[in-house]
Amino acid sequence: MTTLFYIHDPMCSWCWAFAPVLDKLQRQLPAEIRFIRLLGGLAPDNPAPMAAEMREQLQATWRRIEQKLPEIRFNFDFWSRCEPRRSTYPACRAVIAARSLNDSKEQAMIRTIQQAYYQQARNPSDAATLIELAGEIGLDPARFKVALNDSAINTILKQEITQALAMHATSFPALVLELDGGFWPVPVDYHSAEPILETITMICSE
């Protein structure tokens with residue numbers, strides 16, 4: 001079966017910017033093409049506060065996205081209300097943990113993390129926040145906490161990162177089409193799903 005891989009990180013601001021087009025892409029994707037998400041993992045576990053230079057860089061990225069895509073908004077209160085850390089692996093593991101408990105909750109977990117981070121000024125680098133979010137999407141917080149700290153979940157994350165690197169997906173979001181054993185990068189369009197679907201159709205018809 002032909003597979004479209006979506007490589008992402010729930011704390012990747014460009015992935016948040018791509019979310020509306022991704023929703024349309026999933027709805028319009030031909031039924032014969034399987035859709036699979038992979039966690040790419042932006043930033044490993046790090047308990048240290050985020051460096052000032054990185055804080056400024058990320059805020060500049062948020063402003064650039066808002067300028068390029070006015071319909072995408074960020075809540076800059078995050079930077080004063082929270083203690084940011086350059087650590088996205090906990091959020092990545094949270095997505096896998098949610099999937100392991102109920103695979104129908106994967107997308108909800110991704111979206112809830114994004115909304116918490118970008119709109120509600122909550123910190124998904126903190127386990128306590130992730131456990132709260134799991135409860136908000138209907139997962140049992142106690143079971144989720146156990147899964148979040150399970151070494152098997154971390155192993156899956158490492159496997160997904162390795163798989164993404166094997167596809168040469170080193171920046172996020174990324175789309176890669178697997179066809180007849182080969183991998184084809186599909187350019188991301190932040191404005192419309194149509195160019196993406198046209199590229200997929202072209203690759204499949206070659």
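When you go through PRO141, PRO187, PRO124 one by one, which is the residue that is crowded, with 18+ Cβ neighbours inside 10 Å, at pLDDT 95 or above and over 20 Å from GLU32 (Cα atoms)?
PRO124
Quick check, is CYS92 touching a Lys or Arg at 6+ places or on another chain (Cβ under 8 Å) and at pLDDT 95 or above?
Answer is no for this residue.
What do you reckon, is ARG64 of a type outside the set (Gly, Ala, Ser) and out of contact with any helix residue (DSSP H, G or I) (no Cβ under 7 Å at 6 or more places or on another chain)? Outline the logic, then answer.
Numbers: of a type outside the set (Gly, Ala, Ser): yes; out of contact with any helix residue (DSSP H, G or I) (no Cβ under 7 Å at 6 or more places or on another chain): yes.
Here the answer is yes, as ARG64 does meet what is asked.
Would you confirm, using the coordinates I've provided, whether ARG73 is of a type in the set (Lys, Arg), surrounded by fewer than 16 Cβ atoms within 10 Å (Cβ to Cβ) and in a loop (DSSP other than H, G, I, E, B)?
yes
Take GLN115 and tell me if it is polar (S, T, N, Q), without any contact (Cβ under 8 Å) to a residue 40 or more places away in the chain, assigned to a helix (DSSP H, G or I) and closer than 23 Å to GLN163 by Cβ.
no
Among the residues of segment 118-154, what is the count of those that are among the polar types (S, T, N, Q) and not in a helix (DSSP H, G or I)?
5
For segment 99-121, give me each residue that is closer than 22 Å to ALA43 by Cβ, aliphatic (A, V, I, L, M) and either surrounded by fewer than 20 Cβ atoms within 10 Å (Cβ to Cβ) or over 16 Å from the mean Cα position of the chain (by Cα) (or both).
ALA121
Of the conditions (1) under 28 Å from SER100 (Cβ atoms); (2) acidic (Asp, Glu); (3) assigned to a helix (DSSP H, G or I), GLU66 satisfies every one except a single condition; which number is it?
Unmet condition: (1).
Kindly indicate which of LEU42, LEU25 is crowded, with 17+ Cβ neighbours inside 10 Å, under 19 Å from the mean Cα position of the chain (by Cα), more than 17 Å from TYR190 (Cα to Cα) and in contact (Cβ under 8 Å) with a residue 60 or more places away in the chain.
Details: LEU25 fails: more than 17 Å from TYR190 (Cα to Cα).
Sole residue among the options that is crowded, with 17+ Cβ neighbours inside 10 Å, under 19 Å from the mean Cα position of the chain (by Cα), more than 17 Å from TYR190 (Cα to Cα) and in contact (Cβ under 8 Å) with a residue 60 or more places away in the chain: LEU42.
Which residues, counting only those in segment 159-200, are touching a residue at least 40 places away in the same chain (Cβ under 8 Å) and assigned to a helix (DSSP H, G or I)?
GLU160, ILE161, GLN163, ALA164, ILE196, LEU197, ILE200
Please identify the pairs in which a residue from segment 1-19 that is surrounded by fewer than 22 Cβ atoms within 10 Å (Cβ to Cβ) and of a type in the set (Asp, Glu) has its Cβ atom under 7 Å from the Cβ atom of a residue that is assigned to a strand (DSSP E or B) and modelled with pLDDT of 95 or more, counting only partners at least 6 apart or on another chain.
none
Determine which single condition LEU38 fails, assuming it passes every other condition in (1) modelled with pLDDT of 95 or more; (2) hydrophobic (A, V, I, L, M, F, W, C); (3) closer than 22 Å to LEU179 by Cβ; (4) part of a loop (DSSP other than H, G, I, E, B).
(4)
Please find, within segment 144-184, the residue that is nearest to CYS12 (Cα to Cα) out of those that are of a type in the set (Gly, Ala, Ser) and crowded, with 17+ Cβ neighbours inside 10 Å.
By that ranking, first place goes to ALA174.
The values are calculated or read from the model by the stated rules, or taken from the named source; none is laboratory data. Since this is a predicted model, take the numbers as computed values, not measurements. Counting neighbours? That spans all protein chains shown, and the Cβs are built from the backbone with ideal geometry, glycine included.
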